[in-house]
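What follows is a short report on a single structure.
The values are calculated or read from the model by the stated rules, or taken from the named source; none is laboratory data. Bear in mind the structure is a predicted one, so any value in this text is a computation, not a measurement. Methodologically, a virtual Cβ is constructed for each residue, glycine included, from the backbone with ideal geometry; neighbour enumeration extends over all protein chains shown.
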Amino acid sequence: MPRTSPSCADCRTADASRRSLAAAPISRRRMLQLGFGAAVSVYAANALPTRDLLAAANAEAAAAPGAPVLVNVFLPGGMDLLDTLVPADYGRYADLRQDVKVTDPVALAGTDVRAHPSLAAGLGGGLAGLYGAGKVGFLPGIDYANPNLSHFDSRHFWETGRIATGPGVGWLGKWIDRHGGGDNPFQAMSLGSTLSPLLRGTGRPAAAVSSPEDAQAWVPNVWGEWDTRYRKHWGAVADHKPKGKGPAAVYAAARQSQQVSRALLPYVQQEGKPDPLASLVAWPAKGNGQGDNSSDFAEHLRVLAALLAQPLGIRTATVEAMGDFDTHDDQKATLTRDLAQVSTALAAFQADLEARGIADRVLTMVWTEFGRRPEANRSGGTDHGAGGLAWVMGTRARSGILSPYPDLQQFDREDNLQVTVDFRTVYASVLEQWLGTGADEVLPDAKTVGRLAVVR
């Protein structure tokens, strides 16, 4: 997060940090580890070339100015379908949910399925408003056959695009391996501190960046004169490769991060100058970085919208929501809060893309690792279940309810909702209809999972 002076409670620790830096010199290896781009994670099979990364990114953007972009948003924990999109069979739903049920769902035009009222939060009526404007296509009942209700396994399946627990590259990383370049890490970007497994491939670079500002050089609890001296010495050290294997490996990683950091410098707001990433849209206020992460999701989307408008050659990006959708208890309050944050942030993101004139080339896909059981538990929540919810969003997303809603009168053999669409069907459809490439290049089961219209 951006640097700030410590609170009084932190002063003793901060003073000790400054004294330790003053009392003894920083080792070369430690300086490299704390160098430019310390908040940048760069993944590549080989070291990036030394030429200007910004020039490489600009060249890729110029070569394909209208290239489609896929934004992938993950809602962690397993979001509940029934309380998010309330079924038409409300009586049966109410019997199953009793105290957990949504009592005042919002009508969705053209369907007898209704939405949780929190989906109306945000600009233009939030996600419900975007649905009414024909910019959202919901996918109820999405999952895979014989669902595994483990967070780790299910998320891994969605990330790799294959139902296997062994190691595997991300399905979007595999796509970048085939269709990306060798010298532009911005082509596949995670907004956050770590690279999403979705983007991990085998041969093409990708990057994780919270913001252009966070990617610049800084050390926690160090500022003023020591910060200035640190930056100066780091630049000198980073220009000379060390001999030892350990320091050399750190050097290579630091150099990659430094290259990304420098490429993003033009997008950092300078004192007294306009913000190069300024938006015409009213975004939620930033989180404070001290545990109040309710708006960090929105901040990552705000930065992404601004970067997508720059000539960086971004083809796919990932963002993870900050909510807690693993609602084993107190679901009514938790889901109300977290769905409102998601709706508000995504509505602002779509409005920002439209204000910048780039909305027609951006498709957003939102997913969660599984759904919840149809019957509420005794803790005011719901446990891990099948038949979840995903959706596509954008000016070119096919709108409506795109997959059959699970039948509340007929569950699977584990008394879970029946799966009505395989998530790999959606992946294959997005690859072919949006990214314009063969699904069999990426998905091992592409020929068997069918297709579904998800864009127009």
Looking at (1) among the polar types (S, T, N, Q); (2) closer than 29 Å to ALA359 by Cβ; (3) at pLDDT below 90, which is the only condition THR50 fails?
-> (2)
Which one of these is at negative phi and without any contact (Cβ under 8 Å) to a residue 24 or more places away in the chain: THR160, THR111, THR202, THR165?
-> THR165
Kindly list the number of the only condition in (1) at positive phi; (2) at pLDDT 85 or above that fails for ASN221.
-> (2)
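Could you look through segment 352-364, keep only residues that are surrounded by fewer than 22 Cβ atoms within 10 Å (Cβ to Cβ) and aliphatic (A, V, I, L, M), and pick out the one that is nearest to ALA282 (Cα to Cα)? Talk me through it step by step, then tell me what you get.
Pass one, segment 352-364, residues surrounded by fewer than 22 Cβ atoms within 10 Å (Cβ to Cβ): 354-361.
Retained after the next criterion (residues that are aliphatic (A, V, I, L, M)): 355, 358-359.
Values: ALA355: 11, ILE358: 18, ALA359: 17 Å.
Here the answer is ALA355.
Mind checking which residues of segment 399-449 are over 19 Å from GLY141 (Cα atoms) and either touching a residue at least 24 places away in the same chain (Cβ under 8 Å) or of a type in the set (Lys, Arg) (or both)? Can you show your working first?
Within segment 399-449, the subset over 19 Å from GLY141 (Cα atoms) is 431-447.
Listed by number, the residues that qualify are LEU431, TRP434, LEU435, GLY436, THR437, GLU441, VAL442, LEU443, PRO444, ASP445, LYS447.
Give segment 333-351 a look and list any residue that's among the polar types (S, T, N, Q) and either surrounded by 23 or more Cβ atoms within 10 Å (Cβ to Cβ) or within 17 Å of the chain's Cα centre (by Cα) (or both), or say none. Reasoning before the result, please.
First, the residues of segment 333-351 that are among the polar types (S, T, N, Q): 334, 336, 341, 343-344, 350.
Within segment 333-351, GLN341, SER343, THR344, GLN350 meet the criteria.
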